[in-house]
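Computed from the coordinates by the stated procedures, all read-outs in this text should not be read as laboratory data. Predicted, not measured: the structure shown is a model, and the values here were computed from it. Every residue, glycine as well, gets a Cβ built from its backbone with ideal geometry; the counts of neighbours run over all protein chains shown.
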4 protein chains.
Amino acid sequence: MGNNLLKGKKGIIFGALDEKSIAWITAIKCHEEGAQIVLTNAPVAMRMGEINKLAEKINAPVIACDVSNAEDVDNLITKSMEHFGGGFDFILHSIGMSLNVRKGKHYTEIDYAHNLKTFEISSISLHRVLANCMKKDAINDWGSVIALSYIAAQRVFPDYNEMADAKSLLESVARSFGYHYGVKKHVRVNTISQSPTRTTAGSGVKGFDGFINYAEKMSPLGNASAEDCANYCVVMFSDHTRMVTMQNLFHDGGFSFTGVTNAVIEQMEK
Amino acid sequence: MGNNLLKGKKGIIFGALDEKSIAWITAIKCHEEGAQIVLTNAPVAMRMGEINKLAEKINAPVIACDVSNAEDVDNLITKSMEHFGGGFDFILHSIGMSLNVRKGKHYTEIDYAHNLKTFEISSISLHRVLANCMKKDAINDWGSVIALSYIAAQRVFPDYNEMADAKSLLESVARSFGYHYGVKKHVRVNTISQSPTRTTAGSGVKGFDGFINYAEKMSPLGNASAEDCANYCVVMFSDHTRMVTMQNLFHDGGFSFTGVTNAVIEQMEK
Amino acid sequence: MGNNLLKGKKGIIFGALDEKSIAWITAIKCHEEGAQIVLTNAPVAMRMGEINKLAEKINAPVIACDVSNAEDVDNLITKSMEHFGGGFDFILHSIGMSLNVRKGKHYTEIDYAHNLKTFEISSISLHRVLANCMKKDAINDWGSVIALSYIAAQRVFPDYNEMADAKSLLESVARSFGYHYGVKKHVRVNTISQSPTRTTAGSGVKGFDGFINYAEKMSPLGNASAEDCANYCVVMFSDHTRMVTMQNLFHDGGFSFTGVTNAVIEQMEK
Amino acid sequence: MGNNLLKGKKGIIFGALDEKSIAWITAIKCHEEGAQIVLTNAPVAMRMGEINKLAEKINAPVIACDVSNAEDVDNLITKSMEHFGGGFDFILHSIGMSLNVRKGKHYTEIDYAHNLKTFEISSISLHRVLANCMKKDAINDWGSVIALSYIAAQRVFPDYNEMADAKSLLESVARSFGYHYGVKKHVRVNTISQSPTRTTAGSGVKGFDGFINYAEKMSPLGNASAEDCANYCVVMFSDHTRMVTMQNLFHDGGFSFTGVTNAVIEQMEK
C-alpha cells in the first residue's frame, strides 16, 4: 500500500495508546512504507491501552519506558539497538501529560511539584532520550526525530493550562538538541504543531469541544486529522526532508496563519 | 500636561485627517511632550479633512504631499528642513489606501494597475521618504521613524484584501531601510501593528464592525485605542527606546499572542 | 528510480533555466515520481537557457510566458489545461528578478519604476497565475502550489537589496491567496525559504560567495542543495502534506533557527 | 533628572547585584522617574553583591527572597504591600541561574536535577511571584511586569546551554500568565530580549567575549547597554505602553532582524 518511502529504515515510536492515537496511526503508516518499528509507552499507559494489538499487527516489539526515569530510557535504547542490530533512523515523541490539568488546577494556581513533573514527562523526556541516543551513537547519520507539539506554545489558549509552557519547553529542547545532533551526526530534530485532534488523550482537556470546533472554523482546510499527521510524519522521517531541522512545523490546515475566517466572523455576529 | 519626553525634538507627521486619526492624536501628544511638528497629507485628504484646525492648535505648518510623487516628497523634506532650520528627529508614517478595496474587488480578482498604486502609496512611500531624507541627511543621529501597520501582514483577515500584502511590504521596507539608516546614522525604523481602530479611514473597510468586535473579544486587554497608540508612538520617538529598530511592534492588547479567549469560545458555542 | 509519490499528478513548473536550476531538478524529480509536467519560462530566459533539453528528457511541452503579462499567463493556463486534458495538481513558482540589482543600484537609491517591475515579476506574478487558475478552476481539489523564497523576507541581508521586499510580498501573496484557494478548493499554497544556492541566477548577486560561505558555516547541516530542495518540493506536492498551507517553510539546514555556531565564533575571533 | 514618567508608581525589582546589573540601573532610573522601589535578591546574591549601597541611594527597603521557595515569595509580597501601604504597579524580574553551566556540563550531557532547579529559579519563579500577587490582589490595575530574556529562546547559541530552554519557558510563562492577569486586572506581562550585556552575571558564560563581539558586529546600532535597557524598562512600566502585553520585546540594536551585516561578511572573508 505504501511507496517504500521508509524502506530499510528503523525507528522508535512513543505514545501509541489506542487506534485513535497519532502515534498508533503513524506506526502503521511507517510499517506500510517499509520501516521496522519498536513501540514504547509508559507502563501505566500500556495497561490502559491496546498497544499489543498494534504490536502484533506491525510485528514490533513493545518495550515499556517511563520517560522520566533514566534507567528506563537507557534500557529502551539499549534493547532497541539489540533488536535492530545497531542504530536506528527515526523517533516519534508523542508524549504529554499534565498533572495540574488532571487535578483540575487553574493555571494561576498550579502546584509546582506537579508542574515540574509535567515538564519532566512532556518536555525534558525528549532531552533524556536524545542524550541517551547520542551517548550510544544510536541514531544513524541523517536520522530524523519528531516530537508532537501544539500552537499553545506560541499563543495562549487558556484551557491548555501548563501544557502550553510544557510545549514551549519541548520546542526549545528540540531546537537546542537539534543544533548539537545536527553538527555531530546530521540528525535533524523538529516538532510538528498539530491541529487539536480527537484522540483519547486530547479529549480529556476541559473545553476541548468548543476548542476543536473553533479550530475547525478557523482553518481554511479544516483541522488536520490524526491520519494526516501520520502521513506528514512519514515524509519527515524520509530522505526527502533531510535539510529541515530545528523547526516547529505547523500542520493545521492553515490555522496558524489565519487571523480570522468569514465562518468565525459570522458566528461572532450572531 | 506632558512629561517633556520630546523636548527639543522635531518631527514630520503624515496622515492626520480628522480628530479620530491616530496621526492627529499623535501630533497633539508630541506637541504636549515638547516637540515641534510639521504636518503633511495628500492634497485630496487635506481637502476632505480638517488638518488646518490641528495645525492651528499645535502651531505647525502644513505641507501637502502626494507620497507617490517624487517632487512632492522632495519638496516636503526640503521645506521641513527650512522650517526646522536643519534636520529633524522623527517621522510618523500613517498612510494607507487600497484602490481595489475602494472598487469593491475581491482579493482573488484584483486589478493589477490598482494593486501597484496601492503599494506605491501604502508601502513604497516609506522608502521614498527615507531615501529622500538620507540623501539630504535630514534625520538627526538616533532619530526614530514609525509606520503604522496591521497584523494582516502576518495572518490572513480575508476582508483586509490587498492591504495585507501592502502592510507586509511596508514592514519589509521598514526593516530593510532600518538596517541601512541604522548603520549610517543610528536612525531606527519600526512599524507599529495596531489594533483595528475606529478612524474615519478604518471604518471604510468591509465587515469592519464584525472585525473590530472580534478583535475586542480576542484581546485580553481589549483593543488599543487611537490615544493608546499615540502614547506608544511618543515613547518610540523618545530617547528611551533608542535600541529598538527594524521591528514590527504589536500594540494590540494581547491579540497577537492570544490563540483564543474564553469570550470567543462562549460565542462559538452559541 | 522514484517512489511513485506523484503518480497520476500533473503540474506546471516555472523557471527552469539550466541544469543547476532548482526548477530544472524539481521537474526531473517530479517526472521520476510519476508526474506529467508543463514547463514554462520567460521568453528571454528561454533564449538564454537550455529548457528544450529538459523538455525532451521528461517529455514535457514548453510554453513561453512573461508572468507580468496577463495574456501570456492566460495562454499558459489555457494551453496547459488543453495539454493535460483538464485541471492539474501542482505549480512550482521559481521566479525572481531584480532590475535595481542588475543596474547596480544601492537599496537606499533604487529606481521606483524598476522596483515596481521587480515586484510584478517576482511577487505579483504568483497572484496573476493563481487568479487565472481560480477563474478557470484549473487546479484540482487538494492541489499544491509552491513558490521559492529566501530568509531575507524576515531578516536583512544587505546585498539582497529590493529582493528582500519582493520576497516578503511574495510570501504575503502566498498566504493571502492560500486562504481563499484553501476555502474554495482545498488548494494549499506555501513558500519554501531555501538556503542560498549556486544556481546561474543566484550567482549574479553581489557578494554571493561571502554570503553562501557564511550560510554554510551558520547551518548545522550545511546549506541545502538544489537537489535537496527538489526532494522537498516533491513531498510538498504529494498527498502526504495535504494540511500544510499558508506557510513559509524553511529549508536551510537549520540556518533560520541558529543564532550563531561555533564555526562562526571561531572565525570572528581571528 | 527624570521626566516624572513613573510619578506615584511603586514597584519591586529583582536581581540588582552590583552597579553593572541591569536591575541596579533600572532601579535608579525608576527612582529618578518618581517611583518608589522595593529591592530583592536571593540571599546568596545579597551576600556577594552590594545591594545595600543601592538601597541607601534610592531609599528602598531590601527583602531577601529565594524565588524557588514559596514562603520567601509569600513573605516578599506581603512585606512589600506593607511597605507600600497596599498594592504596587510594576515588577522587574531579572533572575537567571544555570546549575549545569556552572558545573561545566555540555548541553547534551546535562544533569536533570540541576536542569529542574535551573527552571525553578529562572522561569517558574515568574509564575510563583505572579500567582502570589494575584492571590493577594497585589498588583494595581494596569500594572506592568517585565522579565529579562535572551534571543537564545528563539535561536540556538550553543554555549548558552540549558538557559536557552529556561528562557523559552520564561517567555511562555509570561505569555500565559499575561493572558490571565490581563483579563482579570489589566496587568500586562512582557519579556525584554536584551543584547548580551557585560554584567557580572553575564560575564560568567563560556565564550562570552566572542559572543558579545559577534552580537556587536551583527547589530546595526550595536549592542544595547544595560543603561539602554533600563530606559526601555522605564517606558514599559509607564502608562505610555498600556496595551503592550504577552510579548517578547527585542531590545538589541537590530540584531534579531538582521540576517548578516557587511561587518560580519568581511570578517568571514578573512
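Data table
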{"quantity": "Descending semi-axes in whole angstrom, ellipsoid equivalent of region A:19-58, from the Cα gyration tensor", "calculated": "18, 10, 8"}
{"quantity": "Point-charge dipole on Cβ atoms (K/R +1, D/E -1) for chain A, about Cα centre, debye to 20", "calculated": "360"}
{"quantity": "Region B:141-197-region A:66-122 distance, computed between alpha-carbon centres (Å)", "calculated": "42"}
{"quantity": "Whole-percent pair-distance distribution, where bins are 10 Å wide, for the alpha carbons of region B:170-270", "calculated": "14, 36, 31, 15, 4, 0"}
{"quantity": "Entries in B:217/D:184; D:29/D:53; B:135/B:167; C:105/D:270; C:10/C:79; B:135/C:105 that, when Cα-Cα distance is taken, lie over 19 Å", "calculated": "B:135/B:167; C:105/D:270"}
{"quantity": "Under 13 Å, Cβ to Cβ, from residue A:63 - net charge with Lys/Arg +1 and Asp/Glu -1", "calculated": "-4"}
{"quantity": "Average beta-carbon neighbours from other chains, 10 Å sphere, peptide C:187-198", "calculated": "1"}
{"quantity": "Alpha-carbon Debye profile of region B:84-160, log10 I(q)/I(0) at 0.17, 0.20 Å⁻¹", "calculated": "-0.76, -0.92"}
{"quantity": "D_trans [Stokes-Einstein, Kirkwood Rh over alpha-carbon pairs] for region D:1-98, 4 °C, 1.567 mPa s, µm² s⁻¹", "calculated": "97"}
{"quantity": "Estimated distance in nm for a label pair at residue A:106 and residue B:111, the labels positioned 7 Å out from Cα along Cα-to-Cβ", "calculated": "5.5"}
{"quantity": "Per-bin percent of Cα-Cα distances, region B:48-189 [10 Å]", "calculated": "11, 36, 33, 17, 2"}
{"quantity": "Inverse mean reciprocal Cα-Cα distance (Kirkwood Rh) of chain D, Å", "calculated": "18.8"}
{"quantity": "For region D:225-270 versus region A:41-65, the gap between their alpha-carbon centres in whole angstrom", "calculated": "49"}
{"quantity": "Other copies of residue B:239: label-to-label distances in nm, shortest first, labels 7 Å along the beta-carbon direction", "calculated": "2.4, 6.2, 6.7"}
{"quantity": "Neighbourhood net charge (13 Å Cβ-Cβ; Lys/Arg +1, Asp/Glu -1) for residue C:267", "calculated": "-1"}
{"quantity": "Estimated FRET transfer efficiency (residue C:262, residue C:227; beta-carbon r; R0 22 Å; 0.05)", "calculated": "0.20"}
{"quantity": "Within a Gaussian network of chain D (alpha carbon springs, distance under 10 Å), most fluctuating of D:44, D:67, D:101", "calculated": "D:44"}
{"quantity": "Cβ-derived FRET efficiency at R0 41 Å, residue A:142 paired with residue C:56, nearest 0.05", "calculated": "0.75"}
{"quantity": "Region C:110-194: Rg to Rh, with Rh as the Kirkwood radius over Cα pairs", "calculated": "1.03"}
{"quantity": "Of the trypsin sites (Lys or Arg not before Pro) in region D:43-151, those whose Cβ has at most 11 other Cβ within 10 Å and which sit in DSSP loop", "calculated": "D:103"}
{"quantity": "Number of partner chain Cβ atoms within 10 Å, mean per residue of C:222-229", "calculated": "2"}
{"quantity": "For D:149-156, mean number of other protein chain Cβ atoms within 10 Å", "calculated": "5"}
{"quantity": "Tail fraction, Cα-Cα pairs, the protein assembly as shown, threshold 42 Å, whole percent", "calculated": "37"}
